[in-house]
Every structure is written in structure tokens, then in C-alpha cells.
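Shown next, in C-alpha cells, is the structure this report addresses.
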Amino acid sequence: MALLQISEPGQSTAPHQHRFAAGIDLGTTNSLVATVRSGVANVLQDQDGEAIFPSVVRYDKHGVVAIGKAAREQAAEDPYNTISSVKRLIGLSAEDIAESAAGMMYKLEKNDSSVPRISTAAGPKTAIEVSADILRALRERAELSLGGELTGVVVTVPAYFDDTQRQATKDAARLAGLNVYRLVNEPTAAAIAYGLDQAEMDATIAVYDLGGGTFDISILKLERGVFEVLSTAGDTALGGDDIDQAVVDWIISQQGIDVGNDAGLQRSLLDQARSVKHQLSSADSAQFELQHGDTSISASVSVDTFNELLSGLLERTLKSCRSALRQAKLKKNQIDNVVMVGGSTRVPAVRAAVSAFFEKEVLTDINPDEVVAIGASLQADVLAGNKPDSDMLLLDVIPLSLGIETHGGLVEQIISRNTTIPAARAQEFTTYKDGQTAMALHVVQGERDLVRDCRSLGRFELRGFNPVVAGQARIQVTFQVDADGLLTVSALEKASNVHAEVQIKPSYGLLDSEIESMIRDSMTNAEQDVAARMLQEQRVEAERAVEALDAAMAKDADQFLDQSEKQKILDARASVLESNDTGDSEAIKKALRGLEKVSEIYVSRRMNASIGEAMKGKNIDSYAKQDNPS
Ligand code: ADP
Ligand code: MG
């Protein structure tokens, strides 16, 4: 804005302020938010002192009615409107979901959109919107606790998430009004929490993450500050929920209970099993007590019995560990550190089994359900610029290769997996037919040679270049991946200098217009807040402009302006002050623009004069040196 140029030199700008940054672990079962204060990372709690926020949202016709713990407690009452485990759906197409949503009980809307929408009392909801509601609640918790607005966040995602799932997660954060500094892989965040990235030595790290409904094992290699995901394996249907179910099955068989179709009894049994399981993490036995209708149970569960129930599940996780090692072409003894992540690794038998498998002590000092959020917050703090002396710059890698479809449905890889990001690579292609003047580009992600085995990320066209014989055109295709792993592809035909570019908007994500309208929708509630904030900002800007103008005019108005020019500026200044009292931010904006316009001449004369001064000074100086050597 031109007016700002006349502010006096030496007028202070805001000193470096501590920026509020947070790390968010957006989990399938539970989510957490953490932040760094006085150099220490901590998870943030709600009023009841709970850090864990169940990733559950319940809707009614007005929108969100319950979220977090309250929503989880109401799940049995209103199963179709209480959405949990939505992370399993994020970034997937309706087709993907048909394959992977076995066991999910929601009703999906039937429509033409490729983005699946869950039917709820509040209307159709995409996984992105449900995730945004969770993120919004975490944002509120953080802002309440920090006493200010968040400048930015780091959100974690599973290492195996592809571009579409990452983009969808970012969209959810955007919808929740969060500025995402970066997405970081969950296992990488856990390793950061343990300070493994600060170690002098390069290391190979296994991250064993047993959560509520999923198991992931990731093998990371840390080399000169860069984390590389060597391999990932796991089971998307294995976690604490299965342990609860195993306890319930045992109780049923012991007590000879018939659950029948009683969903309420089923739910109560599972709740009680979970409570017993939690107790057994720190006791040798626990009481299973239940009173539901005619059913009454009182049974003691010993830790030995519990461990037996667990052994099958544990063996399955170890099988995945073997597979991850095989993929990474590593032996157990080449793993330097084993990091335990996920609430279910609080179970002592799980720790013991993993420790026995890798033949070394496992890292458990940091709460396994908090460790991912803690690592994310450490990253966020650095990215916010709160640690100016820190040279810790986390580099991440591309999880799956990126390429382009060539003739015959083949994939030409442009950036291969595990390339450090940000990254840019260019490759030249040519035309297939004589006289071709356009080219269709199809961007895919995956490790396979055939397009049909990879995931389609997007298509675009390069049109209007000069026709030449087949094979003679030179088309340079550039892939650029930013620090979040998100891709921009551009193409340039050199001879005619025709250029085209796309930011990859995944086919199964949301359209930009859809996101914009969702953001608008989400703002209607907060419309008044927004209006108030805008008015306040306009007022401050108006005051600042008038102050700067006054200071300048006191100094040199007579030197640069004639009487009528001066009067015009003073009139415009009066309108700004007048509008400032109205409480109408549009009026203030208009008056400011008016002032800016009539002051342009003054600003430019002052600028020219000061440039002239500077030049003069320099000239004299240099003449003095060159021409008068004596
Ligand atoms: P996710 O990453 O899948 O969102 P979490 O890492 O928060 O989930 O893990 C949630 C699981 O951890 C639940 O099944 C919960 O019962 C289990 N869990 C939490 N605390 C304990 C404990 N003390 N003992 C055993 N299991 C626990
Ligand atoms: Mg988790």
C-alpha cells in the first residue's frame, strides 16, 4: 500500500514475537494436540485434564452436537449419526471404500460425485469435513490454552498415505481454519520426539505403532538429518479394539452368556473389557463387573489369561515386522532403535514381545499415545521460527513414485520414491504422431509399470504447439514436490514456448470450489467474529496511515505540495477519521483508498527526493575518493 511508504524511518515494526504453533496427531481412534512452551513439548488437556480426544463426531440437523469423548459415549445410542474412524475413509474414492469399508456401518450417499459422502442428520458429510470438525475442536483447545491464535500447525499422517490422502488431510486442516506448515509422517514424528534426529550418528529405526484399530510398522533410516521410509507394513484391522473383543469373547464363553442382538449389551461388554484391559497394564488381575438387564457378570481376569488371549494378535504384528524387515532388506540386528507408539503398546506383554523380537530394549519413556503429537509439536515450533538458532530442518521423502503415462499405458517414473523433498525433476518427452499439436499428460503415483496398476493423480493438456514430425517435438515435463509432498506438474514445448501447469488436485479429493464453499459455510457461523475482526483491522490500519501522514506532513508538506494539493490530502484525511468512527469497515476501506490516491503525488515526490539525496551523497563520496587521491 502506497501510504505505508511515507512512514518515518526508525518507526518500530513489531519485535519478533513468539508464534503459537502446535503439533496435531489426527488419529483413527484418538487425536491429540501438543505445543512447545519454554522449550518443553507437552500435550494440551481439556478442562477435565484429559489429553486424549476421541476422533468421534455426532451430528444432528443443526450440525455437530457432540464431539470427542461425549460423542464416543453416545455412539451406541445414535450409531448412524455418530461418525468414528473417519480417517479410514479420508482421500478414498467411493470405489476404494467399497473394498476397504468392510465393518463400517455408515450409510453412504448415492450421487455422481466421486467423493463419498456419509449420510448424517446434518446432511451428507465427506471424510474431509468430519476430520475438519475434529481439527477445529483441537484448534479451539490449543487457542484457549495458549491464549492466542495459532500461527501454524504440523499435522501427522501415516507413512503409507498417498498424495490423495495427504491432500485430503491438508484440505481438512484448511477447512478448520488451520495454517499447515507441513504434514509429517507419524513414525517420523515419533522418532523426533525421542530426539533421534538430533543424534550424531545415522541410525535405522523401527517404529511399532499399535493403536485402537490399526497396526503399523515402519522402518526409517536417518542419514544426515534426512528420514527415509525404507518400508512400511501392518494391518488396517488390528488394534486395541480387537483386544477388547478377545476379552469379551472369553467372558462370554466362560459365563455362558447369550448376547443375541442386544447392541446395548454388546457395547457395555466392550466398554468393560476395555476398562479391564487398561487396569491389567499395571496390575496382575482385574475385576470384570457388569450389570445389564438380566445379565450380571462378576469375574476376575488374571494377567496370564489376558496375555494368552493376546498371543494370536501379537504374533500377527510380528509377522508384519518380519515382512517390513524383508522389504527393507535388513536383519533384526541392523535396527538401532525401536520406538513404541500407540495406546495399545502400554500393555506390558506387547512391549515384552516386541523387545524379544528385536532382541533389544524398546523406547517407551514418552507416553506411547502422546509421542506422535509431541514430535509434531517440536517440528511445528522450529517451522514457526521460534528456535532461530536451531538448524534442525526435517527433510522427508516421497512415499510413492511419481510419473507420467507414456504411449501404451506405461509409466515413466519422474521422481522415484524416497527422494528427499522438496524436490524438482524435469524430463523431456516427444510426440508420437506426425503433426501433433497437443499432448495429453496423465500423472500417476505408484511403483508399478502399468498405468492401470498405479493411482491416477490427474490429467492435463498441453495445446497449440507447432506441428512437427513424430519424435521431433521436445516437451519438457517438470515435477515439483513441495515440503508437504504435494505435487505441481508443468509442461513446456520449447520451440513454440507453449506452457501448461497443474497443481495436482487428486481425482478423489474435493474440487477447489467445493472446498471454498465449505470454508464459506463454516464461516457463516463465525461471520460476526470475522466482521468484527475485519473492522478492527481496518481501524488500526486507518490510524496507522493517519499517524504516518501527519508525521511526514509536519516535516515537509510545504516543500513538496502546493496549497491545493495539501488541502486535498487534508480533506481525504478527515474522511478517513470520520469513517473510522462509523463502525463500517467497507467505508473505512474506501476512505483509506481515497487518501492513498490523493497522497500518491506526495509519496512519489518524497521518494524521489530521498533517492536523489542518497545518490548525491554517494556521488560526492566516490568523486572524493577517485578524483582527489591526494
Ligand atoms: P490411534 O492411533 O489408533 O488413534 P491410540 O494410539 O490412541 O489410537 O490407541 C488407542 C488404543 O489404546 C485403544 O484401543 C485403547 O484402549 C488403548 N489403550 C490406551 N491406554 C491403554 C492402556 N493403559 N492399556 C492398554 N491399552 C490401552
Ligand atoms: Mg496413532
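What the phi angles of the range 547-556 give under the Karplus curve with 6.51, -1.76 and 1.60, with θ = phi - 60°, is a coupling list of 4, 5, 5, 4, 4, 5, 5, 4, 7, 9 Hz, glycine and proline written as x. Scanning residues 5 or more positions from Asn185 or on other chains, those with amide H under 5 Å from its amide H are Val157, with H placed 1.01 Å from N in the peptide plane. Just to confirm the filter: which GluC sites (Glu not before Pro) across the range 443-493 are DSSP coil and have at most 16 other Cβ within 10 angstrom of their Cβ? Listed in order of number, the matching sites are Glu447.
With the cut-off at 1.5 for a/c, could you classify the range 116-216 from its C-alpha gyration tensor as rounded, prolate or oblate? Numbers along the way, then the final one.
Numbers: a/c = 2.33, a/b = 1.46, b/c = 1.59.
Judged from the Cα gyration tensor, the range 116-216 comes out oblate (a/c at least 1.5, b/c at or above a/b).
Of the trypsin sites (Lys or Arg not before Pro) found in the range 266-348, the ones in coil according to DSSP and having at most 16 other Cβ atoms within 10 Å of their Cβ are Lys329, Lys331.
So for the range 116-259, averaging the separation of alpha carbon pairs under 8 Å that are six or more residues apart and normalising by length, what relative contact order in percent results?
Details: 184 pairs, mean separation 22.1, N = 144.
Taking the mean separation of contacting Cα pairs over the length of the range 116-259, I get 15 percent.
Among the trypsin sites (Lys or Arg not before Pro) found in the range 423-483, those both in a DSSP coil and sparsely packed, with 11 or fewer other Cβ atoms within 10 Å of their Cβ, are Lys433. Across the range 227-235, computed HN-Hα scalar couplings (Karplus, 6.51 cos²θ - 1.76 cosθ + 1.60, θ = phi - 60°) run 8, 10, 8, 6, 6, 9, 8, x, 8 Hz from first to last residue, x flagging Gly and Pro. Each part gets one Cα centre, and for the range 254-330 versus the range 52-75 those centres are 25 Å apart. Fraction of C-alpha pairs exceeding 20 angstrom in the range 402-510: 38 percent, rounded to a whole number. Between Ala609 and Asn42, the FRET efficiency from the beta-carbon distance, with R0 = 41 Å, is close to 0.15.
On a 29 Å Cα-Cα criterion, which of the cross-link pairs Lys69/Lys107; Lys61/Lys110; Lys61/Lys277; Lys87/Lys277; Lys61/Lys590 come out too long? All intermediate terms of the calculation are to be shown ahead of the outcome.
Details: Lys69/Lys107 23 Å; Lys61/Lys110 19 Å; Lys61/Lys277 36 Å; Lys87/Lys277 24 Å; Lys61/Lys590 40 Å.
Over 29 Å apart, Cα to Cα: Lys61/Lys277; Lys61/Lys590.
With a cut-off of 12 Å between beta carbons, the residues surrounding Leu210 carry a summed charge of -3, where Lys and Arg count +1 and Asp and Glu -1. Each residue of the range 250-263 was assigned a 3J(HN,Hα) from its phi angle through the Karplus curve 6.51 cos²θ - 1.76 cosθ + 1.60 (θ = phi - 60°); the sequence is 5, 4, 4, 5, 5, 9, x, 8, 10, 7, x, 9, 6, 5 Hz, with glycine and proline shown as x.
List the residues of the range 265-297 whose backbone N lies under 20 Å from a point placed 7 Å from the Cα of Asp258 along the Cα-to-Cβ direction. Zone members listed by number: 265-269, 291-297. Between Ser311 and Gln476, the C-beta separation translates, for a Förster distance of 45 Å, into a calculated FRET efficiency of about 0.20. Computed from label points 7 Å out along Cα-Cβ, the spacing between Arg322 and Thr488 is 4.7 nm.
Since every read-out is calculated from the coordinates, none of them should be taken as a lab result. This structure is a prediction, so every number in the text was calculated from the model and none was measured. Here the Cβ is made from the backbone with ideal geometry for all residues, glycine too, and neighbour counts use every protein chain on show.
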